[in-house]
Amino acid sequence: MKNLFTKNLFAIILIIPFSTIAQTTHNVIAGNYYFSTVNETIYVGDEVCWFNEDGYHDVNFAGYGNPQDLVDQYLSPNSGGNLGCITFNTSGSFTYDCSIGNHAALGMVSSITVQPSQSTTVVDVVVNSENHTTLEAAVVAAGLVETLSGDGPFTVFAPTDAAFALLPEGLIAQLLEDPTGDLTTILTHHVHAGNVLSTDLSNGMMVPTLAGTELTVSIMDGMVQIDNANVSIADIETDNGVVHVIDAVLVPEEEEPTTVVDVVVNSENHTTLEAAVVAAGLVETLSGDGPFTVFAPTDAAFALLPEGLIAQLLEDPTGDLTTILTHHVHAGNVLSTDLSNGMMVPTLAGTELTVSIMDGMVQIDNANVSIADIETDNGVVHVIDAVLVPSDLNIYDVNILPSQDDYLYSIDIMGRKITNVLFHQIIFDVYSSGKVVKRYCVEN
């Protein structure tokens, strides 16, 4: 979708507030030398205006026991022109006549039936607007009429025909070919499940939509924008929501899918891991569908490795380096909430990692999880503070021990003295000469 649309920043125009839908005015010709009998049906809130073309007539409501005590029960006669207007705020049947002389007795009597308020929806606003014919066609094609005619409430940001005309040529026709696809997404991107009036908006406010997206409100000098569309008419209220007219079509920006590789590449603390993954040719694999769970050592973790080891591994990236890297990857999606103490996690290297949980702290083998649950579209990344080495790879410090130097004890990376050496653990062996040797996975 991103390549099909171009969002333009339009000149900001002043909002014209509309608090309600305008009432309907009905015009009645009362007479043309003789009084015309008219039986009109209207809705509560509508206005009726009477006109006398010729002759001499009036409009009289008095004496008929009508359901509304009209302010003007009598409209003075004239021989041509507007006799006056009345707004009907009560439902029921109203009778009136021309009371001049014996006109009423001659049958110059008419009636008005006032129905309860006509229910209006956000769809009615679009359908009854001469400036929203494209939006109407799109809503009908996408099968959204019934949805948007429901109880709601809905807030609709309604692009005009002129707004749709700014889209690339042929795009609307293309969208209409699959109305339940991108067209529906675009239309529901214009609808909020709630009633949001202009007075409810604030600068920087995010408005969620039925498409699962968000719209950004910008207010400057009293002017309102929704994303980059200007609100030209605000607050057209209906029985199931409100409509705001806008001058541009709002297009949801398609988010690029993120992968576990993207997390590593975009992290300033994983440059060594990134270089190793690239060298080992694992970028394409870990950018695939997955899902993958990656335990990602930081640069500081790699710095704990014996001096010269990384360079040595990079000389044969498809050998031990690939084994070590795939030892950090599980073929599945494992969040921190899925982990349990003593759990064994199989890896792409055909090995297993041991989960240890104590006092809320999580270790993978003997590496601490410092950041958990970085979710992506193809898996999850957990940041760890040590490099995990498979048990069949014994990696020693390049320093050579003095002859007849006696081993005293070992400490872990936290400086704690240990008696039970586990596999996959960074170990510092202390010797009688004072020599300290860093190693991985040495069996007792």
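Since every read-out is calculated from the coordinates, none of them should be taken as a lab result. Keep in mind the model is a prediction, meaning the values are calculated, not measured. Glycine also receives a Cβ, built like all others from the backbone with ideal geometry; neighbour counts cover every protein chain displayed.
Tabulated results
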item	result
For the range 168-212: rounded, prolate or oblate by the Cα gyration tensor [a/c cutoff 1.5]	prolate
Dipole magnitude of the range 194-280, debye to nearest 20 (Cβ charges: Lys/Arg +1, Asp/Glu -1, about Cα centre)	80 debye
Net lengthening on full extension, TYR64/CYS85 (0.36 nm per residue, minus Cα-Cα)	5.7 nm
Debye-sum result for the chain in log10 I(q)/I(0), which assumes one identical scatterer on each alpha carbon, at q = 0.06, 0.08, 0.11 Å⁻¹	-0.53, -0.71, -0.96
Sorted by Cβ density within 10 Å, fewest first, the residues MET414, MET205	MET414, MET205
Square roots of 5 times each gyration tensor eigenvalue, C-alpha, the range 120-246, largest first, Å	22, 17, 14
Mean residue ellipticity (222 nm) of the chain, computed from DSSP H runs ≥ 4 via -39,500 (n - 2.57), nearest 500	-3500 deg cm²/dmol
Placed amide H near ILE384: partners under 5 Å, 5+ positions off or other chain	ALA296, THR298, SER370
Three-way shape call for the range 25-115 based on the alpha-carbon gyration tensor, with the a/c threshold at 1.5	prolate
Prolate/oblate/rounded call for the range 173-299, Cα gyration tensor, a/c under 1.5 rounded	prolate
PHE51/ALA173 FRET efficiency (R0 41 Å; Cβ-Cβ; nearest 0.05)	0.35
Highest to lowest packing among 216-229, 258-271, 179-192, scored as the average C-beta count within 10 Å	179-192, 258-271, 216-229
Residues whose placed amide H lies under 5 Å from that of ALA158, excluding near-sequence neighbours	HIS244, VAL245, ILE246
Mean separation of Cα contacts under 8 Å, 6 or more apart, over the residue count of the chain: relative contact order %	11 percent
Ranked VAL28, VAL196, criterion: other C-beta atoms within 10 Å, fewest first	VAL28, VAL196
Computed E for SER336/ASP406 - FRET, C-beta separation, R0 35 angstrom, nearest 0.05	0.25
Per-residue Cβ neighbour rank within 10 angstrom, fewest leading, CYS98, CYS85	CYS85, CYS98
Long-range Cα-Cα pairs in the range 47-194 (distance over 28 Å), rounded percent	49 percent
Extension gain (nm, one decimal) between ARG416 and SER370, 0.36 nm per residue minus Cα-Cα	14.7 nm
Cα centroid separation - the range 310-336 against the range 101-150, whole Å	68 Å
Under 5 Å, built H, 5+ apart or other chain: amide partners of GLY84	TRP50
Dipole magnitude (debye, nearest 20) for the range 120-246, charges at Cβ of Lys, Arg, Asp, Glu	180 debye
The range 154-214 versus the range 252-298: alpha-carbon centroid distance in Å	34 Å
Cα centre as origin, Lys/Arg/Asp/Glu Cβ charges: the chain dipole, Debye	560 debye
